[in-house]
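**Q** If you scroll down you'll find the structure; I have some questions about it.
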Amino acid sequence: MIDDVRDLSRAEKAKALARKNVSRYVGKCFATAIVAVFAMTLFALYMIGDFLDAFTAENALSTTAIFITSAVLTIFLMAGIYRFTQPKGTSVRDFHLTIILVVLTFITSISAATKLNLFAMPIALATLVLIELIDRRTATLSTAVVAIMIAVAFMRDTVTYDYTTVIASVVCNSLCAVIVNFYEKKHLTRLKFLLVSMATPIAMQPLVVMFTLASGDTSMNLLWHVVWSYGANIAASLVFMPLVAIFEGVFNIADDFRLNELCNLSNPLLKRLASEAPGTFNHSLVVGNLAEACASAIGENPNMARCAAYYHDIGKLKAPIYFSENQSSYNPHDELIPEVSVSMITSHTLFGEILAKQNRLPKEIVAICREHHGTSPVGYFYRKALTLKEEGDLAVDKYTYAGPKPQTKIAAIIMIADTIEAAMRAYMPDTKEEFEGRINKLVDEKMELRQFDECPITMGDIAIIKRTIIEVLPSIHHSRVSYEKKRPANTFNK
């Protein structure tokens with residue numbers, strides 16, 4: 001009965017938190033959405049047809065249609081981005097990035113269509129950038145939004161602009177974006193991805209020819225349609241790399257390319273960790289291997305998991321000697337009371353967050369530096385304090401990390417991998433049964449402490465993570481064959 005009440009209470013808290021998150025998201029994005037809607041509406045009215053005529057009673061219907069379409073699609077975009085990115089905690093940032101790219105692509109496409117050729121619309125531009133910086137679903141949604149907005153905008157003047165050609169152009173250029181989006185599954189290198197995005201428009205040219213012939217146009221327009229369609233998509237392919245670099249820096253986004261750069265062991269922060277806290281450095285590398293395998297197993301980004309693992313303990317750089325993996329014979333905690341020891345130990349999450357921000361690490365990694373211990377107690381020093389206390393109970397709150405608890409699945413993975421690796425480094429069980437039992441016990445302890453209550457990880461995910469670690473960890477902490485020591489046959493000291 002008590003457990004049912006607790007479960008109900010947690011469910012109510014989760015719903016309240018979800019409503020609060022939605023309200024905060026809408027509040028932070030609403031102003032940007034309104035500006036975007038007016039910008040796209042006014043630009044479409046200015047470029048297509050007579051701008052002043054747009055506000056007459058005769059054209060009020062078409063003007064209203066453009067505005068309402070822009071508003072509805074922007075709301076749809078807001079909802080989609082929140083749905084896709086809310087588990088990562090980056091919804092507000094991702095919406096602002098996406099709406100900027102949607103407006104940029106819309107303005108560029110309308111300008112190219114009205115000034116150059118109807119097939120010169122670089123609709124794939126937003127898709128290319130968003131594939132790299134956010135995800136495929138957001139990229140696909142933005143492509144659909146831009147395509148529909150353009151199609152509705154040109155309904156305003158079907159005399160000057162052949163509407164069949166407009167639809168053909170929108171379809172062809174959008175298909176280029178969809179095909180490039182499909183190739184993202186292959187996890188191409190940046191150069192190969194660029195080459196694919198440049199080669200894809202070639203496959204679209206028969207479709208351009210078919211649409212042009214179907215409209216009854218067999219003049220030189222056919223050649224120009226092919227040239228401009230290919231040229232627009234090539235231009236989008238060439239421009240998207242600089243745009244990725246710009247938005248990556250401005251929004252501090254961690255795409256796979258940047259994550260790979262951060263995982264390079266020649267990175268100054270990692271070199272400093274290897275030099276000043278070698279034990280922590282080696283621990284982080286092992287946690288990285290475990291986290292990467294676990295993330296792949298449950299469908300999360302393995303590059304993000306590995307990168308977060310490499311940097312999760314950088315806070316220990318403040319005082320490396322206070323952590324057991326960096327100690328030899330001298331242990332400074334022998335000279336300290338438990339309260340001071342706990343303060344030194346738990347402060348590494350806060351200092352890690354500060355150091356990560358100073359080095360402009362991605363937001364997701366900054367959060368994991370702070371969250372990877374959640375509100376777990378520092379058991380060793382709590383027990384030490386109990387032995388020193390003469391009488392009465394001791395409040396455990398003073399011997400716990402400040403939190404917050406993990407907010408994402410990857411943060412939960414890092415917590416689990418970090419806990420298990422540290423425990424196994426201290427003592428590696430001899431039998432398989434004891435090994436599996438120890439891993440299950442360590443994870444169950446975190447669950448009993450409700451460390452995963454604030455992240456969307458499921459019991460199924462946790463079961464997969466435990467199974468993955470059981471499979472991967474023995475190959476990392478393997479033992480070597482013991483060889484008999486023999487004097488070499490040829491030595492210099494005879």
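**Q** Name the helices (runs of 4 or more DSSP H) wholly within the stretch 96-204 that hold at least 1 residues that are at pLDDT 90 or above and farther than 20 Å from Phe247 by Cβ?
**A** 136-153
**Q** Oh, and also: Out of everything in the stretch 264-312 that is free of Cβ contacts under 8 Å to residues at least 60 places away in the same chain and outside any helix (DSSP H, G or I), what residue ends up being farthest from His372 (Cα to Cα)?
**A** Ser266
**Q** Counting only residues that are acidic (Asp, Glu) and either under 18 Å from Ile464 (Cβ atoms) or not in a helix (DSSP H, G or I) (or both), how many does the stretch 443-452 have?
**A** 1
**Q** Another question, if that's okay. Looking only at the stretch 51-85, filter to residues that are touching a helix residue (DSSP H, G or I) at 6+ places or on another chain (Cβ under 7 Å), in a helix (DSSP H, G or I) and among the polar types (S, T, N, Q); which one of those is surrounded by the most Cβ atoms within 10 Å (Cβ to Cβ)?
**A** Ser70
**Q** Confirm whether Val208 is crowded, with 22+ Cβ neighbours inside 10 Å and more than 28 Å from Lys363 (Cβ to Cβ).
**A** When the stated conditions are applied, Val208 passes them.
**Q** Quick one: in the stretch 151-165, which of the residues that are within 15 Å of Ala65 (Cβ to Cβ) and among the aliphatic types (A, V, I, L, M) is surrounded by the most Cβ atoms within 10 Å (Cβ to Cβ)?
**A** Ala153
Per-residue answers, yes or no, for (1) within 17 Å of Ile420 (Cα to Cα); (2) assigned by TED's automatic domain parsing to the domain that holds Gly403; (3) among the aliphatic types (A, V, I, L, M); (4) at pLDDT 75 or above:
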| residue | (1), (2), (3), (4) |
| --- | --- |
| Lys446 | yes, yes, no, yes |
| Phe452 | yes, yes, no, yes |
| Ile464 | yes, yes, yes, yes |
| Thr468 | yes, yes, no, yes |
| Val472 | yes, yes, yes, yes |
| Ser482 | no, no, no, no |
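**Q** While we're here: Could you say which residue among Thr491, Thr419 is touching a Leu at 6+ places or on another chain (Cβ under 8 Å) and either of a type in the set (Ser, Thr, Tyr) or modelled with pLDDT of 95 or more (or both)?
**A** Thr419
**Q** For the stretch 5-22, indicate whether the set of residues that are more than 18 Å from Pro456 (Cα to Cα), surrounded by 12 or more Cβ atoms within 10 Å (Cβ to Cβ) and either at pLDDT 70 or above or of a type outside the set (A, V, I, L, M) (or both) is non-empty.
**A** no
**Q** Another one. Mind checking which residues of the stretch 407-442 are in a helix (DSSP H, G or I) and either among the β-branched types (Val, Ile, Thr) or not assigned by TED's automatic domain parsing to the domain that holds Gly279 (or both)?
**A** Ile410, Ile413, Ile414, Ile416, Thr419, Ile420, Ile439
**Q** Out of the residues in the stretch 93-113 that are surrounded by fewer than 19 Cβ atoms within 10 Å (Cβ to Cβ) and β-branched (Val, Ile, Thr), state the one that is nearest to Met149 (Cα to Cα).
**A** Ile107
**Q** Additional query: Would the stretch 292-299 turn up any residue that is within 19 Å of the chain's Cα centre (by Cα) and of a type in the set (Val, Ile, Thr)?
**A** Scanning the stretch 292-299 turns up at least one residue that is within 19 Å of the chain's Cα centre (by Cα) and of a type in the set (Val, Ile, Thr).
**Q** Name the residue, out of Leu77, Leu42, that is among the aliphatic types (A, V, I, L, M), within 26 Å of Asn233 (Cα to Cα) and without any contact (Cβ under 8 Å) to a residue 24 or more places away in the chain.
**A** Leu42
**Q** Then there is this: In the stretch 236-253, which residues are modelled with pLDDT of 85 or more and either acidic (Asp, Glu) or surrounded by 15 or more Cβ atoms within 10 Å (Cβ to Cβ) (or both)?
**A** If the condition is that a residue be modelled with pLDDT of 85 or more and either acidic (Asp, Glu) or surrounded by 15 or more Cβ atoms within 10 Å (Cβ to Cβ) (or both), then Val239, Leu243, Val244, Phe247, Glu248, Phe251, Asn252, Ile253 are the ones that fit.
**Q** Same structure, new question: What are the residue pairs meeting all of these: first residue in the stretch 123-145, first residue among the hydroxyl-bearing types (Ser, Thr, Tyr), second residue modelled with pLDDT of 85 or more and not in a helix (DSSP H, G or I), Cβ atoms under 7 Å, and 6 or more apart or on different chains?
**A** What qualifies is Thr143/Ile123.
**Q** How many of the residues in the stretch 86-95 are of a type in the set (Gly, Ala, Ser) and not in a helix (DSSP H, G or I)?
**A** Final tally of qualifying residues: 1.
**Q** For the stretch 326-404, which helices (runs of 4 or more DSSP H) that fit wholly inside it have 2 or more residues that are surrounded by 15 or more Cβ atoms within 10 Å (Cβ to Cβ) and in contact (Cβ under 8 Å) with a residue 60 or more places away in the chain?
**A** In the stretch 326-404, 338-358, 363-371 are the helices (runs of 4 or more DSSP H) which contain 2 or more residues that are surrounded by 15 or more Cβ atoms within 10 Å (Cβ to Cβ) and in contact (Cβ under 8 Å) with a residue 60 or more places away in the chain.
**Q** Let me ask something else. Give the residue that is farthest from Ser343 (Cα to Cα), with candidates limited to residues of the stretch 274-321 that are in contact with a Pro (Cβ under 7 Å, 6 or more places away or on another chain) and surrounded by fewer than 20 Cβ atoms within 10 Å (Cβ to Cβ).
**A** The residue in question is Ser296.
**Q** So, in the stretch 405-438, of the ones that are surrounded by 17 or more Cβ atoms within 10 Å (Cβ to Cβ) and β-branched (Val, Ile, Thr), which residue ends up nearest to Gly299 (Cα to Cα)?
**A** Top of the filtered list is Ile410.
The values are calculated or read from the model by the stated rules, or taken from the named source; none is laboratory data. Worth saying up front: this structure is predicted, and the values here are computed from it rather than measured. When we count neighbours, we look across all protein chains shown, and the Cβ atoms used for this are built from the backbone with ideal geometry, even at glycine.
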